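S.K.: Okay, handing you the structure first.
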Amino acid sequence: MPKVYSVFNVGTKTGIGPSGVTMVNFDYPLDAGVEILAQSGNVANVFLGNSQVSATEGFPILPGASLFMPVDNLNKIYVFSPSVNQTVFWEAF
(Lines give C-alpha, C1' and ligand atoms only; values in the text may rest on other atoms or scores of the structure.)
Protein backbone atom coordinates (compact mmCIF):
# COMPACT_ATOMS: atom_id res chain seq x y z
CA MET A 1 0.00 0.00 0.00
CA PRO A 2 1.44 3.43 -0.91
CA LYS A 3 2.35 5.83 1.85
CA VAL A 4 -0.23 8.56 2.42
CA TYR A 5 1.11 12.02 3.28
CA SER A 6 -0.96 14.26 5.50
CA VAL A 7 1.20 17.37 4.98
CA PHE A 8 2.64 18.71 1.76
CA ASN A 9 3.66 22.11 0.43
CA VAL A 10 3.12 23.75 -2.92
CA GLY A 11 4.90 26.53 -4.76
CA THR A 12 5.52 28.25 -8.07
CA LYS A 13 8.73 28.99 -9.94
CA THR A 14 8.29 31.88 -12.37
CA GLY A 15 10.66 33.67 -14.73
CA ILE A 16 12.28 30.50 -16.05
CA GLY A 17 14.38 31.20 -19.12
CA PRO A 18 17.67 30.56 -20.90
CA SER A 19 19.77 30.58 -17.72
CA GLY A 20 19.46 27.45 -15.59
CA VAL A 21 18.23 28.33 -12.10
CA THR A 22 17.47 26.25 -9.02
CA MET A 23 13.86 25.66 -8.01
CA VAL A 24 14.60 27.24 -4.60
CA ASN A 25 17.63 29.12 -3.28
CA PHE A 26 17.64 27.49 0.15
CA ASP A 27 17.72 24.07 1.80
CA TYR A 28 14.32 22.37 1.27
CA PRO A 29 14.42 18.72 2.44
CA LEU A 30 11.83 16.36 0.95
CA ASP A 31 10.51 13.08 2.36
CA ALA A 32 9.58 11.45 -0.95
CA GLY A 33 10.15 13.92 -3.78
CA VAL A 34 8.34 16.59 -5.75
CA GLU A 35 5.66 16.71 -8.44
CA ILE A 36 6.42 19.39 -11.05
CA LEU A 37 3.77 20.72 -13.46
CA ALA A 38 4.61 23.00 -16.39
CA GLN A 39 2.04 25.76 -16.79
CA SER A 40 -0.25 24.99 -19.73
CA GLY A 41 0.22 28.55 -21.02
CA ASN A 42 4.00 28.14 -21.43
CA VAL A 43 5.15 28.70 -25.01
CA ALA A 44 8.16 26.37 -24.74
CA ASN A 45 9.32 23.26 -22.93
CA VAL A 46 10.89 23.55 -19.50
CA PHE A 47 13.93 21.34 -18.90
CA LEU A 48 14.76 19.83 -15.51
CA GLY A 49 18.21 18.73 -14.44
CA ASN A 50 21.29 19.57 -12.41
CA SER A 51 23.26 22.83 -12.40
CA GLN A 52 24.31 22.18 -16.02
CA VAL A 53 20.72 21.95 -17.31
CA SER A 54 20.08 23.13 -20.88
CA ALA A 55 17.92 22.19 -23.86
CA THR A 56 20.40 19.38 -24.64
CA GLU A 57 21.22 18.41 -21.03
CA GLY A 58 17.87 18.16 -19.29
CA PHE A 59 14.59 16.31 -19.07
CA PRO A 60 11.89 18.13 -21.11
CA ILE A 61 8.49 18.93 -19.66
CA LEU A 62 5.97 20.03 -22.26
CA PRO A 63 3.45 22.78 -21.43
CA GLY A 64 0.71 21.22 -19.31
CA ALA A 65 2.72 18.06 -18.53
CA SER A 66 3.93 16.93 -15.12
CA LEU A 67 6.62 14.72 -13.64
CA PHE A 68 7.35 13.26 -10.22
CA MET A 69 11.02 13.44 -9.18
CA PRO A 70 12.09 11.27 -6.21
CA VAL A 71 14.76 13.62 -4.81
CA ASP A 72 15.70 14.42 -1.22
CA ASN A 73 15.99 18.23 -1.57
CA LEU A 74 14.19 20.69 -3.82
CA ASN A 75 17.33 22.79 -4.20
CA LYS A 76 18.94 19.98 -6.25
CA ILE A 77 16.57 20.57 -9.18
CA TYR A 78 17.43 23.22 -11.75
CA VAL A 79 15.11 24.50 -14.48
CA PHE A 80 15.80 25.98 -17.93
CA SER A 81 13.78 27.05 -20.95
CA PRO A 82 14.88 28.42 -24.32
CA SER A 83 12.04 30.94 -24.01
CA VAL A 84 11.78 33.56 -21.25
CA ASN A 85 9.15 33.82 -18.51
CA GLN A 86 8.05 30.18 -18.32
CA THR A 87 6.41 28.85 -15.14
CA VAL A 88 6.21 25.57 -13.24
CA PHE A 89 4.17 24.63 -10.20
CA TRP A 90 5.43 22.15 -7.62
CA GLU A 91 4.05 20.02 -4.83
CA ALA A 92 6.57 18.72 -2.29
CA PHE A 93 6.20 15.41 -0.43
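S.K.: Which one of these is surrounded by 15 or more Cβ atoms within 10 Å (Cβ to Cβ) and over 11 Å from the mean Cα position of the chain (by Cα): 42, 85? Steps first, answer last, please.
M.R.: Working: 85 fails: surrounded by 15 or more Cβ atoms within 10 Å (Cβ to Cβ).
Only one candidate qualifies: 42.
S.K.: List, please: which pairs have Cβ atoms under 8 Å, are six or more places apart or on different chains, and start with a residue in the range 45-64 that is touching a residue at least 40 places away in the same chain (Cβ under 8 Å) and end with one that is surrounded by 14 or more Cβ atoms within 10 Å (Cβ to Cβ) and part of a loop (DSSP other than H, G, I, E, B)?
M.R.: Here the result reads 46/81, each pair linking the range 45-64 to a residue that is surrounded by 14 or more Cβ atoms within 10 Å (Cβ to Cβ) and part of a loop (DSSP other than H, G, I, E, B).
S.K.: Output the residues belonging to the range 17-38 that are over 9 Å from the mean Cα position of the chain (by Cα), closer than 14 Å to residue 86 by Cα and either open to solvent by 70 Å² or more (accessible area, probe 1.4 Å) or in contact (Cβ under 8 Å) with a residue 60 or more places away in the chain (or both). Explain how you work it out, then say what you get.
M.R.: Residues of the range 17-38 that are over 9 Å from the mean Cα position of the chain (by Cα), as a first pass: 17-21, 24-33.
Filter once more, so that each one left must be closer than 14 Å to residue 86 by Cα: 17-21.
Passing the criteria: 17, 18, 19, 20.
S.K.: Of the residues in the range 42-93, how many are assigned to a loop (DSSP other than H, G, I, E, B) and more than 20 Å from residue 19 (Cα to Cα)? Step through it out loud before you land on a result.
M.R.: Kept after step one, since they are assigned to a loop (DSSP other than H, G, I, E, B), are these residues of the range 42-93: 42-45, 50-58, 62-65, 70-72, 77, 81-85, 93.
Right, trim to more than 20 Å from residue 19 (Cα to Cα) and you get 64-65, 70-72, 93.
Counting residues in the range 42-93 that are assigned to a loop (DSSP other than H, G, I, E, B) and more than 20 Å from residue 19 (Cα to Cα) gives 6.
S.K.: Another one. Check off (1) of a type outside the set (Phe, Trp, Tyr); (2) outside any loop (DSSP other than H, G, I, E, B); (3) open to solvent by less than 80 Å² (accessible area, probe 1.4 Å); (4) in contact (Cβ under 8 Å) with a residue 60 or more places away in the chain for residue 10 and give me the number that stays unchecked.
M.R.: (3)
S.K.: Out of (1) open to solvent by less than 80 Å² (accessible area, probe 1.4 Å); (2) over 16 Å from residue 91 (Cα atoms); (3) not charged (D, E, K, R), the odd one out for residue 79 is which?
M.R.: Every listed condition holds for residue 79 apart from (2).
The values are calculated or read from the model by the stated rules, or taken from the named source; none is laboratory data. Worth saying up front: this structure is predicted, and the values here are computed from it rather than measured. Cβ atoms come from the backbone with ideal geometry, glycine included; neighbour counts cover every protein chain shown. Keep in mind that these areas ignore ligands, DNA and RNA; they rest on the heavy atoms of the full protein, side chains included. Shrake-Rupley method; radii C 1.70, N 1.55, O 1.52, S 1.80 Å.
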